[in-house]
Each structure stands twice: as C-alpha cells, then as structure tokens.
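First the structure, in the form of structure tokens, and then the observations on it.
The values are calculated or read from the model by the stated rules, or taken from the named source; none is laboratory data. Everything quoted here is computed from the prediction, not taken from an experiment. Positions of Cβ are generated from backbone atoms using ideal geometry, with glycine treated the same way; all protein chains shown enter the neighbour counts. Side chains are part of the model used for accessible areas, which takes the heavy atoms of the whole protein and leaves out ligands, DNA and RNA. Shrake-Rupley method; radii C 1.70, N 1.55, O 1.52, S 1.80 Å.
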Amino acid sequence: MNTVVTLAKKDIKVLLRDKFAMFWIVIFPLGYAVFFGTVFGDSGGPRAGMYVALVDEDGSAYSQAVMEQLAAHDAVLVDAEESGALLNRSLDEARELVQKGQRTAYLRLPAGFGENPYALFGGASGDGPQLELGIDPGRQAEAGMLQGVVMETVFGALQERMLDTDTVLADLGEAQLSLAEADDVDPTQKFVLTTFLSALKGFVSAFDMGQLGLGTSDDADGADATVGGFGAPLAVVDVTRQRDGEPRSPYDITMPQGAVWGLLSVALGFGITLVRERSSGTLVRLRMAPVSHAQLLGGKALACFTCCVGSMVLAILFGTVVLGLRVDRPDLLVLAMFSTAIAFTGLMMTVSVMGKTEAAVAGSSWGLTMPFAMIGGGMIPLMFMPEWLQDISVVSPVRWAIISLEGAIWRDFGWADMATPSLVLIGFGAGFFALGVFIFRRTGG
Amino acid sequence: MIDVTSLAKSYGDLRAVDDVSFCVNRGEAFGLLGPNGAGKSTTIHLLAGVIAPDRGKVRLDGADPQEAIVRTRLGVSPQELAIYEELTGEENLRIFAALYGLRGDALVERVHWALDFAGLTDRRKDRAAKYSGGMKRRLNLACAVVHDPELLICDEPTVGVDPQSRNHIFESIEALRASGTTLIYTTHYMSEAQRLCDRVAIMDHGKLLAADTVDALIEAHGGSSLVLAEFDEPPPADAQLPGTLDGTQLRVDSDKPFELAAELGRGPHRVRSLRVERPDLEKVFLQLTGRSLRDS
Ligand SMILES: Nc1ncnc2c1ncn2[C@@H]1O[C@H](COP(=O)(O)OP(=O)(O)O)[C@@H](O)[C@H]1O
Ligand SMILES: [Mg+2]
C-alpha cells in the first residue's frame, strides 16, 4: 500500500508541474463554465432583469405610482395586461410563482399603504402598513438589489407626490388632525409638533415646491442608504423556492459540463504519462525496484482517481463561491463524484494503451473522447439535444457523469435516482480498466 | 551470490541472450564486456527480474528476482536514463528510497548521502530537466544506490558522458567497491572493465564467450605480444630478421617479447625506437570473435 501511495504521489506531483496539462484540467473547465454560462445567461436568465410579481391590495393612486416607477426601472420586469395596465395578482398567486421560480420575487403593497405615505418616516415599525418583498432566502444578491430598487421607487413616488402642493397641504392637515386626536403623545412634544406643522403648512402654501429643486433624481445609492435610516419600512419575507428539478441558472448546466472537460483532461493527462513512462524507461526502472505490475497500475489509478475528484471539487467550489451554484444534495454529490472518478480512471487506462508513443496516444485518445464528449452533452447540453441523440448518448460515460453531477446539484435526485448513473459509471470504469490492463499486459507493460 | 544458469531470451528470431551461465561471488566486481547489441542490457533486465527468461534461471542467494521482495536487495542503474525530469534531484531520490522501503529519518539520511554521492547537494532543489547530461547520469546512479543495496548493477553508466562526470562516476563506483558492495558492470570500453573488474565475461551475439580474471583471459586468449622496432636505416633484404619488415619498420609476434627486444637492441642494425605491446582485452575479443571491439 505504501508503494502504491508513493507512486501515486509521484504521479500527481509530475502532473501538477505540467503547466500545459494544468491549463486543461483547471483553467479550461472553469473558463468553459463561466463563458458559456454567461452567454446563456444574457438571454433570459436572471441577469437580464429581476422579474417581479405585483400584489396591490391598496389600489390607491399612490400605490399605482409606486408600481409604475418600479415597472419603469431598468433592472426590473413586471407583468402587464394586454391593455398595458400593470397586472395585479393575488398574494397566493404571486407566492406560488416565486416558489416555482417563475418570478424572482413578489412585491406586496398592503391595504392602507397609500393613506399614510409618511409611515415610511419613522412611524413605529409594524405600526403602519409596510411593503412586503417575498423572495427565496438563497437569492441574497437579488434580494439586496431588489430592496434598493423598491426603496428607490417608493421615494421616487413620494417625491412626485410632494411636488404637488395641494396634496402636501392635505397631508399636513391630516397630520395635524391626527396629532390633535392622539392622546398618547407627551403634551410638550405635542405643542412643538403642532407649531412645527403649522409653520410648515404656511411655508408650503407660500412657495411652489417645484422651485425648490426637488426635481426627480434617480440616485439609487441614496435610496439604498435610506433603507436603514427609516426603521425598515420594507419587510422581506422568505419564500423558499420549491425544488422541482429545474436548472436555476445557466451555470447549473455549464458547470457540470466544464467539470467533465476537466475530467477528460485528467484521464488523457495520466494516460499520456503512462505512455511517457513506458517510452522513457522509467516504467522499466520502477519494475527493477520492488514494485509489482499491480502496484504500478494501482499507483496510476489512485493518482488519476484523486485528481479526478480534486478537479471536480475545485470546479464545484468555484461554482458555489463565484457563480452562486447551489448543491441540493451534498451526500449524493459525494457518490456522483466517486463513481464519476472511477469511470474516468478506467478511461485513463484504456487511453494509455491506445498507442506506442505520446503523440499517438494523444491523437487517438482525442479520437475516442471527443465523440464521447459531443454525444454525451459535453458541448450541447443534453436537454437541448434531439431525442434520438439523447438515446445514443447512453454509450457515453460523459453523459452519465453530467447526469449524476446535475442530479446532485439541481435535478432533485434521490438515492434511487442516483443508483442508475452511479452503477453505469462504475461499470464503465471497470470495463475500461480491464480492457486497458488486458492490452497493457499483452503488449508487454 | 548470483547464479545464472543457461539463461536464454529471444525477440522473435533474434536470440538476444543465448544460453548464458555465470556466477558472481559476494564482494566481487564482475564485468560484462561486449559491443552494442551483444545482449548485455537484456541480461541485466533478466537479472533484475524485469523480463522473464525463455529458458534458464537467475538466482540471488537462491531467490528469484522476479519476486518483488527479492529486488529490494538489488540496485540497478539502467543504461537508459530513468529519472523524472519534472521532479528535483532530491524528489527523485526520495521516491526511489521510499519504493525500497526507507522511511522517516533513515530515508532523509540516505537521500542526503546519495545527493553527496552524486555531487548534487547544491542542485538538489533544481528540476532534473535542468541538469547537464553528466548530472543526470550521476542522479540515475544515485537512485540505484540510495537504499544501500548489497548488489549494484550498472548498465553502461558512463555512456555519452563528459570526461569530468565520467571520472566522478567511475570514482564513486570504486568507492562503493571498496566498501564491499558487489558489482555487476556492463561496458563496451575494455579499459573500464580492465580497471574496475575482478572478473570479466566477454559477450557477443547473445553468447558468453569466456569469463575469467583479466590476466587469465589474456593468458588464455590474448596470444603473443607484439614487438615493434624502427631502424635508423632499412636493413638489407637478406638480413636475418624475424617477423615482417616494411622499410625501416619491423613487427614481430612473440611469446618472449622482452628477450626478443633485447636481442634486437644488440643486433647489427641500429634501432631508433622499440615498443612492446602486451595483449589486452581488445586482443582477447579479436581472438574470440574475429572482430575488433572498437569497430563493432
Ligand atoms: N524489447 C526488444 N525487442 C526486440 N529486440 C530487442 C529488444 N531489446 C533488445 N533487443 C535486441 O536484442 C539484442 C541485444 O540487445 P541489448 O541487450 O540491448 O544489447 P546491448 O545492451 O549489449 O547493447 C539487440 O539486437 C537488440 O536489438
Ligand atoms: Mg545495452
């Protein structure tokens, strides 16, 4: 066992020093996932805009103004009726859409929202009606952005309202009235506020607010900063997305694809080093040491297996940290990575006997692995393939590797669903390995 | 220590090793001398258990080196460089030390020793790819001795090496010899065999033609010595001289070269120079094969 580990460590070290191989194993797969993920993403993915369902329970002119401001925002998409009017949904309907992932979030404007627009300013929280944003807790980036956008639009609508002097005067009168009626306010404070409101009222009637420079400013940053300052008038409600086995982002598709390219590079890389060892004499030298045939191949296999797992872990880590990939079933992912690594380790063994020289192996092995990659969904995602091609793809280990990785990441697989791809992959691995060893021995190791 | 009996290995029709038998005693230095293609490397591969013989057997103290564990006692420096160029000299040595079962402090100590042995201590952190040809050869040899083997097998360790490295290699092998390591050494340079080996086997076309001490080989197969004389003036045609005369040059084969030389010196013709050539392994090879070692 020590011998096998020593040999495996040696092989991994040699591979890590091969810059060319490392490019194909590390950089290329990540680049592939990012590049194609971004290309897909620009056509209708979440990056194109946040799709918001509107729930207007208030029905006031003010709530209408807020929704129109939101609809006009660049980063937001909302539904409109054929007439062009904004589509108003029930809360249940909107929540379901978000759960299904068909809308990024819903915005609820509760009844009474328009009656008290200044509740945003420091009214005891929970007191006045609040806006409600329903979104999946996993979508943190989008949630943050949406909060900013909503606050921005609310202030935008409020500004518009304040430009209308009559409305402001009415509002101030209302405020005075409610202040006079309130009996839970300290008399001194009441006096100060009443005086202030009277003064303000006189001030507003003497000037035209429009001349004060309160034009429409679209300063998103300012709006964002305001959110914290006014006692969180916007409530964020968790609406957990249902796991329905649909890809959540294009990276759900391109990341497993990229990972499989990395695996092919690992298999080819080790296959070629085995041939190099044969032709350079180090293989014979190892056999002169107390190393058996089985240990030699065991070392190669262990090294290849380790690097397969390593490259997958790297890809998935990169995906989760940088691309926002989420793994639904980490336990199934372990099984998927294990069986995938076995399949590609077997492939390595077959690749290594596909020629006598490095160049011959490099050439003929691409001839074997490229069709595997092409029909197995390494280039065109499986779901976009015509059905007959999907049927053919069962002969490609690439297909099963992608399915098992996707199964654990987003396909909503259970243990039973994972059994088939895992067994097929392990079978592929065993078959390829046996074939490789058979030829290896025949041609005199 | 090593017993080789009726060893044979063919590649297709080619008999690379053909009925070879010899034995090597503990502490002895045994040379395999022969031209390229004689079958030396094939014999080494059979000794090291890398390939299986068609017939015959190899025994190391009674055990078969085709069993991995037996090979722990061997150190082999193959003719082809067999080091990992992507790795440093030190890493190469560590791998081979570990493969031969060294661990921990013992491994570190032996790796240091081997780096010193190869004169690579200063360059130990450099990748082998950056080494000169001679340094790679030295590393190749160091990898064979890092585990302190009882028996060291060197297959043409000085081929294609600059004179300085060649000397270094030669001296380090002599040092190992002095410390009691048994040695099997193949070469097509007879001078190396003559200088280093207690006994030498002459090999050609897969066959072992003779095996003995250098002196005994020369005694048995070297034939007579050669006496070369050059006269001041060409002797007359009727002069009573042995051998063949060519102008002022005389060549004589003789079993008693020094007596003949003395006689020529006393003779009637004035001798300008006189040379005696004792037979060497080259002559032995010529005698045994009808070909010169250098030409083949
Ligand atoms: N693997 C092999 N396949 C076919 N022929 C071989 C092989 N190895 C050696 N030979 C042949 O066997 C003969 C002896 O080779 P070798 O043992 O390398 O000679 P040496 O080491 O004395 O130069 C040569 O003619 C060589 O071409
Ligand atoms: Mg040779």
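Observations on the structure shown:
- Evaluating B:ILE51 against the criteria (1) within 14 Å of another protein chain (Cβ to nearest Cβ); (2) surrounded by fewer than 16 Cβ atoms within 10 Å (Cβ to Cβ) leaves one unmet condition, (2).
- Every residue from the stretch B:188-208 that is at pLDDT 90 or above, in contact with a Leu (Cβ under 6 Å, 6 or more places away or on another chain) and within 14 Å of ligand 1 (Cβ to nearest atom): B:ALA201, B:ILE202, B:MET203
- Per-region count, the stretch B:97-108, residues within 18 Å of B:GLU150 (Cα to Cα), more than 9 Å from chain A (Cβ to nearest Cβ) and either part of a loop (DSSP other than H, G, I, E, B) or open to solvent by 30 Å² or more (accessible area, probe 1.4 Å) (or both): 2
- Meets criteria (touching a strand residue (DSSP E or B) at 6+ places or on another chain (Cβ under 9 Å), among the hydrophobic types (A, V, I, L, M, F, W, C) and either more than 20 Å from A:SER396 (Cβ to Cβ) or open to solvent by 50 Å² or more (accessible area, probe 1.4 Å) (or both)) for A:MET288: yes
- Any pair with Cβ under 9 angstrom, 6 or more apart, that starts in the stretch B:29-46 at a residue that is in contact (Cβ under 8 Å) with a residue 60 or more places away in the chain and closer than 16 Å to B:LEU196 by Cβ and ends at one that is near ligand 2 (Cβ under 8 Å from one of its atoms) and assigned to a helix (DSSP H, G or I): B:LEU32/B:LYS40; B:LEU32/B:ILE44; B:LEU33/B:LYS40; B:GLY34/B:LYS40
- Residue within the stretch B:77-89 that is without any contact (Cβ under 8 Å) to a residue 60 or more places away in the chain and part of a helix (DSSP H, G or I) present: yes
- Candidates in the stretch B:19-44 are the residues that are surrounded by fewer than 21 Cβ atoms within 10 Å (Cβ to Cβ) and within 16 Å of ligand 2 (Cβ to nearest atom); of these, the one that is farthest from the other protein chains (Cβ to nearest Cβ) is B:PRO35.
- Test: residue in the stretch A:313-326 that is open to solvent by 50 Å² or more (accessible area, probe 1.4 Å), in the same structural domain as A:ALA143 (by TED's automatic domain parsing) and at positive phi: no
- Qualifying residue in the stretch A:361-368 (condition: more than 25 Å from A:MET22 (Cα to Cα) and of a type in the set (Ser, Thr, Tyr)): no
- The single condition among (1) out of contact with any Pro (no Cβ under 7 Å at 6 or more places or on another chain); (2) open to solvent by 30 Å² or more (accessible area, probe 1.4 Å); (3) not in a loop (DSSP other than H, G, I, E, B) that B:GLN66 does not meet is (3).
- Residue check, B:LEU183 more than 16 Å from ligand 1 (Cβ to nearest atom) and open to solvent by less than 10 Å² (accessible area, probe 1.4 Å): yes
- Taken together, the criteria place A:VAL309 among residues that are more than 30 Å from A:VAL150 (Cβ to Cβ), without any contact (Cβ under 8 Å) to a residue 40 or more places away in the chain and away from chain B (no Cβ under 14 Å).
- Residue among B:ARG71, B:ARG94 that alone is within 8 Å of chain A (Cβ to nearest Cβ), of a type in the set (Lys, Arg) and touching a helix residue (DSSP H, G or I) at 6+ places or on another chain (Cβ under 7 Å): B:ARG71
- Filter pass, B:ASP3 being outside any helix (DSSP H, G or I), touching a strand residue (DSSP E or B) at 6+ places or on another chain (Cβ under 7 Å), within 12 Å of ligand 1 (Cβ to nearest atom) and more than 14 Å from every other protein chain (Cβ to nearest Cβ): no
- Some residue of the stretch B:74-82 being more than 9 Å from chain A (Cβ to nearest Cβ), at pLDDT 90 or above and open to solvent by 60 Å² or more (accessible area, probe 1.4 Å): no
- Criterion: assigned to a helix (DSSP H, G or I) and within 32 Å of the chain's Cα centre (by Cα) - qualifying residue of A:ALA408, A:ALA359, A:ALA430: A:ALA408
- Flag for A:SER280 being within 14 Å of chain B (Cβ to nearest Cβ) and hydroxyl-bearing (Ser, Thr, Tyr): yes
- The helices (runs of 4 or more DSSP H) found wholly in the stretch A:1-107 and carrying at least 1 residues that are surrounded by 19 or more Cβ atoms within 10 Å (Cβ to Cβ), of a type in the set (Gly, Ala, Ser) and touching a Pro at 6+ places or on another chain (Cβ under 7 Å) occupy A:28-41.
- For the stretch B:32-50, filtering for residues that are more than 6 Å from ligand 1 (Cβ to nearest atom) and farther than 15 Å from B:LEU74 by Cα leaves 3.
- Only a single item in (1) within 15 Å of ligand 1 (Cβ to nearest atom); (2) more than 13 Å from every other protein chain (Cβ to nearest Cβ); (3) open to solvent by 10 Å² or more (accessible area, probe 1.4 Å) is not met by B:TYR11, and it is number (2).
- Counted residues, the stretch A:1-38 - those being out of contact with any Cys (no Cβ under 9 Å at 6 or more places or on another chain), touching a residue at least 12 places away in the same chain (Cβ under 8 Å), closer than 21 Å to A:ALA315 by Cβ and within 14 Å of chain B (Cβ to nearest Cβ): 2
- Subset of the stretch B:239-261 (residues that are surrounded by 11 or more Cβ atoms within 10 Å (Cβ to Cβ) and assigned to a loop (DSSP other than H, G, I, E, B)): B:ALA239, B:LEU241, B:PRO242, B:GLY243, B:THR248, B:LYS256
- When B:PRO279 is tested against the conditions (1) crowded, with 17+ Cβ neighbours inside 10 Å; (2) assigned to a helix (DSSP H, G or I); (3) touching a residue at least 60 places away in the same chain (Cβ under 8 Å), the lone failure is (2).
- Qualifying residue in the stretch B:109-118 (condition: open to solvent by less than 10 Å² (accessible area, probe 1.4 Å), part of a helix (DSSP H, G or I) and at pLDDT below 95): no
- Hey, B:ALA144 within 16 Å of ligand 1 (Cβ to nearest atom) and either assigned to a strand (DSSP E or B) or open to solvent by less than 10 Å² (accessible area, probe 1.4 Å) (or both) or not: no
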